[in-house]
Number of protein chains: 6
Amino acid sequence: MFSVTVRDHMMIAHSLRGETFGPAQRLHGATYVVDAAFRSAELDSDGVVVDIGRAGEELRAVLAELEYRNLDDEPSLAGVNTTTEMLALLIGERLAERAHAGAFGAAAGRLDGLVVTLHESPVASASYERAL
Amino acid sequence: MFSVTVRDHMMIAHSLRGETFGPAQRLHGATYVVDAAFRSAELDSDGVVVDIGRAGEELRAVLAELEYRNLDDEPSLAGVNTTTEMLALLIGERLAERAHAGAFGAAAGRLDGLVVTLHESPVASASYERAL
Amino acid sequence: MFSVTVRDHMMIAHSLRGETFGPAQRLHGATYVVDAAFRSAELDSDGVVVDIGRAGEELRAVLAELEYRNLDDEPSLAGVNTTTEMLALLIGERLAERAHAGAFGAAAGRLDGLVVTLHESPVASASYERAL
Amino acid sequence: MFSVTVRDHMMIAHSLRGETFGPAQRLHGATYVVDAAFRSAELDSDGVVVDIGRAGEELRAVLAELEYRNLDDEPSLAGVNTTTEMLALLIGERLAERAHAGAFGAAAGRLDGLVVTLHESPVASASYERAL
Amino acid sequence: MFSVTVRDHMMIAHSLRGETFGPAQRLHGATYVVDAAFRSAELDSDGVVVDIGRAGEELRAVLAELEYRNLDDEPSLAGVNTTTEMLALLIGERLAERAHAGAFGAAAGRLDGLVVTLHESPVASASYERAL
Amino acid sequence: MFSVTVRDHMMIAHSLRGETFGPAQRLHGATYVVDAAFRSAELDSDGVVVDIGRAGEELRAVLAELEYRNLDDEPSLAGVNTTTEMLALLIGERLAERAHAGAFGAAAGRLDGLVVTLHESPVASASYERAL
């Protein structure tokens, strides 16, 4: 099994709903360092899982839809509690849509899965993993 | 599949038994940077695997029982060769006990597994993974 | 010359005023990883610049006044453009006040200066340095 | 399940064949930070997956065959497109050969698998995972 | 005193001339992680040393002239032994030229100096510092 | 001004004397990640401050005298409170002795100073800086 991982980051504001979140119920923010890993059992004829440059561009495009925003005000996130896990899920689903729509070219058919990890601080992160 | 990972560290002294360890048979020490990852197939109604703050507190409590100590003198570790792998196992088992005892509240029932990783230096680490 | 550096972090929301900031003029947020370095030409009788534990507590106390907040709404920051440089200045001044008020005990008299560095992402940081 | 991971690095020159690689078709180079993880369901009588020192020496030996070279001119790599994925595969296969040849001593029989990860920059990496 | 630091990276091939370099006399390569720090005694009316986005763009432009190349074949580097120190000097001089040519706008007049640091591996780096 | 920095690490046991140290008065240990920076106003005819390989070997030799030991039992450290600052001083002085004894060859005469930094955990470090 092979995988390729690309990293980028985004800066957002949000608040979390639920007593369990304590002070994070207040409007605050985060720099999320985001890793997107693409998995495949085989390499293509170029010897790659997916072109690293292409993977980075797709991740950048997904993060651009969220960054420099207050997620509490985003219509596409209405009703979503934007925990780190939920953002990992959201980014993972959007990358999967792009893969299925052909954003990775011929590679899409070979991809077995992806893992999205968001690091919210040096001591905390969350991941979402799914098949493709 | 989702996971949440929290990080903390501890500083301990110990020695290792066995010729394979060479100079590490002498009394020395380590700063262990410890990652504890909790895995779950589903998120709870708050949108989390387990509250990151709670996870960090539980990891802190487990490390507090070991840190600033000479592990060679710890009664609870008598007869244990405290390799990085064995410490990962020990910390993983203690976190699992806490999960089963309800330390993570309602989340405990949903947790599928945990992975504990100890980084002993920038070039070496060991992990222990188990189901919950 | 000696120095001791402690690290902590905080998560905040804010917006920046000025066309130069482009999309960062919108309400967004950041995880700031904060390093506070204390400098002294001499060590005290314990062999330290300042106790690392004490230094960490003072930095924690200063960050606690800011974290999990929308800085745009903080009365103490009214009129301040909360750039990374300005936040480094603010945190540095607050640490200096604490040093002068005796928070570091006898060490305060020996301290020559401090440097506060805020990392806003893996690719950008800002520092403020001053004498004590 | 347990694992032990050791890290080292190598500096090489190479070029990549295929339009997908854009400017990386030109002769350039990389510092690869290489992680080799060894997995085992059980620990040996010393309490380890494999001795960390031994694991590091084996990884060093494999990287020494490649480092400070132009991979385009290496006879053993003739016809290979030396992408990060292909180099992970190559290093993984060479470590597996060494394991099967007894380089890890009695441990080799217990090892279940290995994962080799090459970080080519702070924002891109590739992995190869195989059973042993 | 304030400073702002931006980070980027480049991948190049080269060889070093001189017996002191041992195996690095062979054609090999490196991923250089490059930090460029800009220093100023005062902040401008926006509260910055220099806009972080602008600083990152200027660093990117300078690295783009070098990356994905074999430096041994670069006409602009003919006769230069491209050690890490020499590349730090080269990048620092090019950033200084851009500063003097107005690339940082009004900020250029206030800048006191810059420091360029190249990390060639996790265990080695070199810096060049100059006044502006 | 130029500098070259090399990094290595060591694992030791020790205890600290003085009430200020709290639980660190007990025998414990640390992995110290050690950076040694060598500064010079000029480069030599090879284009370096000091050969990075040579610098790394000298740092390794100094750390080898301390690592895998209980510093409380080291005759050469009798009466020394081995705080992070004191260990930075000790390592800095030993590197300076080596520089003066010609360990860095012709480079020694050009070196202006050195800085030794010990990272004892991800959140704490100490430095010692001196002229050469």
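The values are calculated or read from the model by the stated rules, or taken from the named source; none is laboratory data. Only a predicted model underlies this, so the values are computations on that prediction, with no experimental measurement involved. Note that we place each Cβ from the backbone using ideal geometry, even for glycine, and neighbour counts take in every protein chain shown. Calculation scope for accessible area: heavy atoms of the full protein, side chains included, ligands and nucleic acids excluded. Shrake-Rupley method; radii C 1.70, N 1.55, O 1.52, S 1.80 Å.
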I want to confirm something. Restricting to segment B:120-132 and keeping residues that are without any contact (Cβ under 8 Å) to a residue 24 or more places away in the chain and among the hydrophobic types (A, V, I, L, M, F, W, C), which single residue is farthest from B:S40 (Cα to Cα)? B:V123
Confirm whether C:D35 is touching a His at 6+ places or on another chain (Cβ under 8 Å), at pLDDT 95 or above and not in a loop (DSSP other than H, G, I, E, B). yes
Taking segment C:68-93 only, how many residues are open to solvent by 30 Å² or more (accessible area, probe 1.4 Å) and either more than 8 Å from every other protein chain (Cβ to nearest Cβ) or under 23 Å from A:F21 (Cβ atoms) (or both)? 11
Of those in segment D:46-67 that are under 24 Å from A:A37 (Cβ atoms) and part of a helix (DSSP H, G or I), the residue farthest from the other protein chains (Cβ to nearest Cβ) is D:V62
Say whether the condition of being out of contact with any helix residue (DSSP H, G or I) (no Cβ under 7 Å at 6 or more places or on another chain), of a type in the set (S, T, Y), closer than 22 Å to B:G113 by Cβ and more than 11 Å from chain E (Cβ to nearest Cβ) is met by at least one residue in segment D:7-25. no
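Out of all the residues in segment B:41-54, is one or more closer than 30 Å to F:L71 by Cα and surrounded by fewer than 20 Cβ atoms within 10 Å (Cβ to Cβ)? Reasoning before the result, please.
Of the residues in segment B:41-54, the ones closer than 30 Å to F:L71 by Cα are none.
Checking segment B:41-54: not a single residue is closer than 30 Å to F:L71 by Cα and surrounded by fewer than 20 Cβ atoms within 10 Å (Cβ to Cβ).
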Under 8 Å by Cβ, and 6 or more places apart or on different chains, what pairs join a residue from segment C:64-80 that is at positive phi with one that is assigned to a loop (DSSP other than H, G, I, E, B)? C:Y68/A:R26
Looking only at segment D:68-93, filter to residues that are among the small types (G, A, S) and assigned to a helix (DSSP H, G or I); which one of those is nearest to D:T31 (Cα to Cα)? D:A88
Kindly check whether there is at least one residue in segment D:99-114 that is at the interface with another protein chain (Cβ under 10 Å from one of its Cβ atoms), over 28 Å from B:L90 (Cα atoms), out of contact with any Gly (no Cβ under 8 Å at 6 or more places or on another chain) and outside any loop (DSSP other than H, G, I, E, B). no
Subset of segment F:20-32, residues in a loop (DSSP other than H, G, I, E, B) and either over 23 Å from F:E65 (Cβ atoms) or modelled with pLDDT under 95 (or both), comes to F:R26
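Would you say B:A64 is of a type outside the set (K, R) and either crowded, with 23+ Cβ neighbours inside 10 Å or more than 24 Å from A:A88 (Cβ to Cβ) (or both)?
yes
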Search segment A:26-40 for residues being open to solvent by 30 Å² or more (accessible area, probe 1.4 Å) and of a type in the set (D, E, K, R), and hand back the single one that is nearest to the other protein chains (Cβ to nearest Cβ). A:R26
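How many residues are open to solvent by 10 Å² or more (accessible area, probe 1.4 Å) and either in contact (Cβ under 8 Å) with a residue 24 or more places away in the chain or among the hydroxyl-bearing types (S, T, Y) (or both) if we restrict to segment C:94-103?
Summing the residues that are open to solvent by 10 Å² or more (accessible area, probe 1.4 Å) and either in contact (Cβ under 8 Å) with a residue 24 or more places away in the chain or among the hydroxyl-bearing types (S, T, Y) (or both) in segment C:94-103 gives 4.
Considering segment F:104-131 alone, what residues qualify as being open to solvent by 50 Å² or more (accessible area, probe 1.4 Å) and over 22 Å from F:G29 (Cβ atoms)?
F:A106, F:G109, F:R110, F:D112, F:E129, F:R130, F:A131
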Just one of D:T20, D:T117 is touching a residue at least 40 places away in the same chain (Cβ under 8 Å) and polar (S, T, N, Q); which is it? D:T117
Could you please let me know if B:A13 is part of a strand (DSSP E or B), at pLDDT 95 or above and more than 16 Å from the chain's Cα centre (by Cα)? yes
